[in-house]
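A.B. asks: Quick one: the structure is below, and I'll ask about it shortly.
The values are calculated or read from the model by the stated rules, or taken from the named source; none is laboratory data. Treat the numbers as computed from the prediction; the structure is a model and nothing was measured. A quick note on method: Cβ atoms are made from the backbone with ideal geometry, for glycine too, and the neighbour counts reach across all protein chains shown. Note: accessible area is taken over every heavy atom of the protein model, side chains too, but ligands, DNA and RNA are not part of it. Shrake-Rupley method; radii C 1.70, N 1.55, O 1.52, S 1.80 Å.
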Amino acid sequence: HTSYICRVSADSESFEFQVSEHLRMSGVYWGACALHLLSQLDQLQREQIVSFVLSCQRGNGGFAGNLGHDAHILYTLSAVQILALFDALDYLDESRVMRYVASLQQEDGAFAGDEWGEIDTRFTYCALCCASLLGRMEDINVQAAVEFIQRCENFDGGYGCEPGGESHAGQIFTCVGALAIAGRLDMVKEKELAWWLCERQTPGGGLNGRPQKDADVCYSWWVLSALTLLKRVDWIDGSALRRFILSCQDQEEGGIADKPGDVPDVFHTFFGIAGLSLLGTDDVPPIDAAHAMPASVMRKIEARNAERAQVRERRGGSQSTETQPLPLMSFVDSAFTTRAEYERWAAEMKAGGNEQVEWWQLKDNDLGKT
């Protein structure tokens, strides 16, 4: 699987690479997190990836799915997760990121995905997860977000995209994960929801996302993570689920597909490996069910956030007293192919109020004279 992830990540000429251009940031997260769980993260080029991530930040503080795209909260979370995986959060201007995230919260507590205003419980999860990873929960209205999630709960204990939306395993993970991060799992109808989730197991051992649908490897994460947070993993047949996940592997080329016999992709490879982690099998190390991050990385993040909180407390509690992000010059300039491309990006960042732009001035011989 390591070889598969590295191979498809490097094959920029493939059809799959081209059609996933708009969500490259999330693709990098899936691949990097899978490799971390396989203890193979060093197979990726840290400097190249950190450079790409930082170069996708837009003037409003959010991150786009790729260079030249608009910022979105989905890719902002992926960017934060990637930087955490590579122990590079110190290059992030956290205040700008959290101002962007907070700007997307609506009066009813929900979060929009971007400036165009689409509402989805996925985005509320992204906001809480970002805030948690950066130790900045106070920057958003957590109680209002929790109340919005509660309005999305259905009679069967599940959750939809918005109030009145159909219960779906993917949305259930985002809502239960968000409530876990907020420390409000007490609001969940645990018994009803756990029954709904365990009924997602099909005769073949796999899990589906809603009634009358086929099993899909990705639900090994969406369903099992929610059951893990509810402490009900033993309500499904774990051995049967493991057999289903392993049956979706490509034994020759590597990778995991959605179903047995289908073509693998990085998305299902990551969630298949993550499912095995939640099952505690195949020597896959633990993953945090709420943040979708390796448990070892979460321990580092928690220690980092605790240390920074102590610093803020000693300095009077102001976020503005935090240490400035590290200079980015060693990373950012390698992501651009021309000086003009770089200067357009730097101008946007400066217009957005980023004080680090002075560190990003290129030398005359950098990127040529284009």
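A.B. asks: Would you please name the residue that is farthest from residue 274 (Cα to Cα), looking only at residues in segment 8-50 that are in a loop (DSSP other than H, G, I, E, B) and charged (D, E, K, R)? It would help to see each step written out before you state the result.
C.D. replies: In the first step, residues of segment 8-50 are kept if they are in a loop (DSSP other than H, G, I, E, B); the result is 11-14, 20, 38-40, 44-45.
Cutting the leftovers down to charged (D, E, K, R) gives us 11, 13.
On the way: 11: 24, 13: 28 Å.
Result: 13.
A.B. asks: Residue 262: free of Cβ contacts under 8 Å to residues at least 60 places away in the same chain and of a type in the set (Asp, Glu), yes or no? Walk me through it before giving the result.
C.D. replies: On the way: free of Cβ contacts under 8 Å to residues at least 60 places away in the same chain: yes; of a type in the set (Asp, Glu): yes.
So residue 262 passes the test.
A.B. asks: Test residue 135 against the stated conditions and say whether it is within 30 Å of residue 98 (Cβ to Cβ) and touching a residue at least 60 places away in the same chain (Cβ under 8 Å). Break it down stepwise before answering.
C.D. replies: Details: within 30 Å of residue 98 (Cβ to Cβ): yes; touching a residue at least 60 places away in the same chain (Cβ under 8 Å): yes.
When the stated conditions are applied, residue 135 passes them.
A.B. asks: When residue 245 is evaluated against the numbered criteria (1) closer than 19 Å to residue 286 by Cβ; (2) open to solvent by 10 Å² or more (accessible area, probe 1.4 Å), which criterion, by number, is the only one it fails?
C.D. replies: Single failed check for residue 245: (2).
A.B. asks: List the helices (runs of 4 or more DSSP H) inside segment 109-192, counting only whole elements, that have at least 3 residues being polar (S, T, N, Q).
C.D. replies: Numbers: elements: 121-133, 142-151, 169-182.
Fully inside segment 109-192 and qualifying: 121-133.
A.B. asks: So residue 75 fits all but one of (1) open to solvent by 10 Å² or more (accessible area, probe 1.4 Å); (2) assigned by the TED database to the domain that holds residue 152; (3) among the hydroxyl-bearing types (Ser, Thr, Tyr); what number is the exception?
C.D. replies: In the conditions (1) open to solvent by 10 Å² or more (accessible area, probe 1.4 Å); (2) assigned by the TED database to the domain that holds residue 152; (3) among the hydroxyl-bearing types (Ser, Thr, Tyr), residue 75 misses (2) alone.
A.B. asks: I've got another one for you. Take residue 205 and tell me if it is more than 23 Å from residue 274 (Cα to Cα), outside the structural domain of residue 72 (by the TED database), without any contact (Cβ under 8 Å) to a residue 60 or more places away in the chain and not acidic (Asp, Glu). Lay out the reasoning, then the answer.
C.D. replies: Values: more than 23 Å from residue 274 (Cα to Cα): no; outside the structural domain of residue 72 (by the TED database): yes; without any contact (Cβ under 8 Å) to a residue 60 or more places away in the chain: yes; not acidic (Asp, Glu): yes.
No.
A.B. asks: Now for a different question. Just give me the residues in segment 197-215 being open to solvent by less than 40 Å² (accessible area, probe 1.4 Å) and either in a loop (DSSP other than H, G, I, E, B) or aromatic (Phe, Trp, Tyr) (or both), in sequence order. Reasoning before the result, please.
C.D. replies: As a first pass, look at segment 197-215 and keep what is open to solvent by less than 40 Å² (accessible area, probe 1.4 Å): 197-198, 200, 202, 205-209, 215.
The answer is 200, 202, 205, 206, 208, 209, 215.
A.B. asks: Go through (1) in contact with a Phe, Trp or Tyr (Cβ under 8 Å, 6 or more places away or on another chain); (2) open to solvent by 10 Å² or more (accessible area, probe 1.4 Å); (3) not assigned by the TED database to the domain that holds residue 269 for residue 172 and report which single condition fails.
C.D. replies: Of (1) in contact with a Phe, Trp or Tyr (Cβ under 8 Å, 6 or more places away or on another chain); (2) open to solvent by 10 Å² or more (accessible area, probe 1.4 Å); (3) not assigned by the TED database to the domain that holds residue 269, only one is false for residue 172: (2).
A.B. asks: Out of 271, 244, report the one residue that is under 22 Å from the mean Cα position of the chain (by Cα) and part of a helix (DSSP H, G or I).
C.D. replies: Details: 244 fails: under 22 Å from the mean Cα position of the chain (by Cα).
Unique residue meeting the criteria: 271.
A.B. asks: Next question, about the same structure. So residue 278 ticks every box in (1) in contact (Cβ under 8 Å) with a residue 12 or more places away in the chain; (2) more than 28 Å from residue 127 (Cβ to Cβ); (3) not in a loop (DSSP other than H, G, I, E, B) but one. Which box is left unticked?
C.D. replies: For residue 278, the failing item is (2).
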